[in-house]
Amino acid sequence: MPERFVALTFDDVHLLNSDVPPMRAAANAFIDATFPGDRAGGFTTSGVVTQDFTGNKELLVQFDHREPCDIARWSRQRRFTSGTVA
């Protein structure tokens, strides 16, 4: 049984390009510091990109290195074309 579960949650809806490098650095530092009994998952506020809880550090790094700015632009565009603004 895993010792702890941690959800890495990223606000990709309001993410700015300038936010990406420090966000990735912090996420990678966290991933590097996890222990074998830890499970972490990656989630975005848009819900477009997720990584279920896993102990596989490589999957978490792949999640962290996806293009959040493209996802954020898609999410904003979808909200504006649907007539709602959050």
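Some observations on this one:
- Test: VAL49 is in contact with a Gly (Cβ under 8 Å, 6 or more places away or on another chain) and modelled with pLDDT under 85: yes
- Taking region 45-63 as the range and being closer than 12 Å to THR9 by Cβ, of a type in the set (Gly, Ala, Ser) and in contact (Cβ under 8 Å) with a residue 24 or more places away in the chain as the test, only SER46 passes.
- Taking the listed residues ALA27, ALA33, ALA7, the one that is surrounded by 16 or more Cβ atoms within 10 Å (Cβ to Cβ), at negative phi and either of a type in the set (A, V, I, L, M, F, W, C) or modelled with pLDDT of 90 or more (or both) is ALA27, with no other qualifying.
- PHE43 of a type in the set (Phe, Trp, Tyr) and assigned to a strand (DSSP E or B): yes
- Test result for ASN17, under 15 Å from the mean Cα position of the chain (by Cα), over 20 Å from LYS57 (Cβ atoms) and not hydrophobic (A, V, I, L, M, F, W, C): yes
The values are calculated or read from the model by the stated rules, or taken from the named source; none is laboratory data. It should be emphasised that the depicted structure is a prediction, and the values quoted were computed from it without experimental measurement. Note: ideal-geometry Cβ built from the backbone for every residue, glycine included; neighbour counts use all protein chains shown.
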